[in-house]
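One structure is given below, encoded as structure tokens.
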Amino acid sequence: NILNNLGQLLKAAGRLEDAEKRFRRAIAFRPDFADAHSNLGTTLSAHNRGEEALACFRRALEAEPGHALATYNLATLLLQGDRHDEAIPLLRRLAATGATPADVQNNLGYALFETGEPDQAEVCFRAVLKLDPAHADALVNMGRIYATRHEPAAAEECFRRALAVRPRLARALANLGTLLQRAGRSEEALPVVRDA
């Protein structure tokens, strides 16, 4: 536990290589130490070593199947790799716990949308926005739902609300730019696309 805690401190200080060594030593002492596997996974992920990180999160879940942080991090990494089908059951498991953070619901909605389930995705995004009306990522995702339903005014409102919260959010800018361009509002779209 001391090695794991030291690793977390080193990771927080940006000393990722030193942190990795501590987590590996903690695992060597106790191979079923789920927290150390999970922490090693986040460290490797920060080093863009995604496949190794995925293996660490999976080992953490083998050691402790209900490990929420490892489950969330594994699902997030799978989403980043466009492996939505693999992420959905993990996110559903987290959502079923009842104490679901907005990011879990948003990520679940994103994965559902990407796998062709826009109605289920909308339920997730609305749940997020009920908890946090200024959740920028959920606003972008809800805007995408409206855009696919050919409701450009509602989509634009969502993208602009997201940008009011996070003015440099590239996804919001890109989606708004595309929406404006498709509406024939090229003069408005150009600076938005440049910013994206």
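The values are calculated or read from the model by the stated rules, or taken from the named source; none is laboratory data. No experiment lies behind these values; they were computed from the predicted model shown. Glycine also receives a Cβ, built like all others from the backbone with ideal geometry; neighbour counts cover every protein chain displayed. Areas reflect the complete protein model, heavy atoms only, side chains present, ligands, DNA and RNA absent. Shrake-Rupley method; radii C 1.70, N 1.55, O 1.52, S 1.80 Å.
Among residues of segment 62-76 being surrounded by fewer than 20 Cβ atoms within 10 Å (Cβ to Cβ) and among the aliphatic types (A, V, I, L, M), the one that is nearest to the chain's Cα centre (by Cα) is Leu69. Just so you know, in segment 149-159 the residues that are in contact with a Gly (Cβ under 9 Å, 6 or more places away or on another chain) and of a type in the set (D, E, K, R) include one that is most open to solvent (accessible area, probe 1.4 Å), and it is Glu157. Any residue at all in segment 96-105 that's over 17 Å from Leu169 (Cβ atoms), assigned to a loop (DSSP other than H, G, I, E, B), touching a Phe, Trp or Tyr at 6+ places or on another chain (Cβ under 9 Å) and not polar (S, T, N, Q)? Checked segment 96-105: at least one residue is over 17 Å from Leu169 (Cβ atoms), assigned to a loop (DSSP other than H, G, I, E, B), touching a Phe, Trp or Tyr at 6+ places or on another chain (Cβ under 9 Å) and not polar (S, T, N, Q).
Quick check on segment 33-43. Is at least one of its residues in contact (Cβ under 8 Å) with a residue 24 or more places away in the chain, among the aliphatic types (A, V, I, L, M) and either open to solvent by 10 Å² or more (accessible area, probe 1.4 Å) or within 21 Å of Ala96 (Cβ to Cβ) (or both)? Scanning segment 33-43 turns up at least one residue that is in contact (Cβ under 8 Å) with a residue 24 or more places away in the chain, among the aliphatic types (A, V, I, L, M) and either open to solvent by 10 Å² or more (accessible area, probe 1.4 Å) or within 21 Å of Ala96 (Cβ to Cβ) (or both). Here Gly109 clears all of (1) surrounded by fewer than 16 Cβ atoms within 10 Å (Cβ to Cβ); (2) in a helix (DSSP H, G or I) except the condition numbered (1).
For segment 167-186, a tally of residues being touching a helix residue (DSSP H, G or I) at 6+ places or on another chain (Cβ under 9 Å) and surrounded by fewer than 16 Cβ atoms within 10 Å (Cβ to Cβ) returns 8. Taking residues in segment 154-166 that are free of Cβ contacts under 8 Å to residues at least 40 places away in the same chain, and partners anywhere that are among the aromatic types (Phe, Trp, Tyr) and part of a helix (DSSP H, G or I), the pairs with Cβ atoms closer than 9 Å and at least 6 places apart or on different chains are Ala154/Tyr146; Ala155/Tyr146; Glu156/Tyr146; Glu157/Tyr146; Cys158/Tyr146. Show the residue pairs meeting these rules: Cβ distance below 9 Å; 6+ apart or different chains; first residue within segment 71-82 and farther than 12 Å from Glu114 by Cβ; second residue outside any helix (DSSP H, G or I) and not β-branched (Val, Ile, Thr). Pairs found: Thr71/Pro65; Tyr72/Pro101; Leu77/Arg83.
Residues in segment 36-70 that are touching a His at 6+ places or on another chain (Cβ under 8 Å) and of a type outside the set (Gly, Ala, Ser): Cys56, Phe57, Arg59, Leu61. Counting only residues that are open to solvent by 40 Å² or more (accessible area, probe 1.4 Å) and in a helix (DSSP H, G or I), which one in segment 112-126 is farthest from Asn73 (Cα to Cα)? The selected residue is Asp119. Please work out which residue is surrounded by the fewest Cβ atoms within 10 Å (Cβ to Cβ), limiting yourself to segment 127-148 and to residues that are of a type in the set (D, E, K, R) and modelled with pLDDT under 95. Going through the qualifying residues, I end up with Lys130. Among the helices (runs of 4 or more DSSP H) confined to segment 1-55, the ones with at least 1 residues that are acidic (Asp, Glu) and in contact with a Gly (Cβ under 8 Å, 6 or more places away or on another chain) are located at 16-29.
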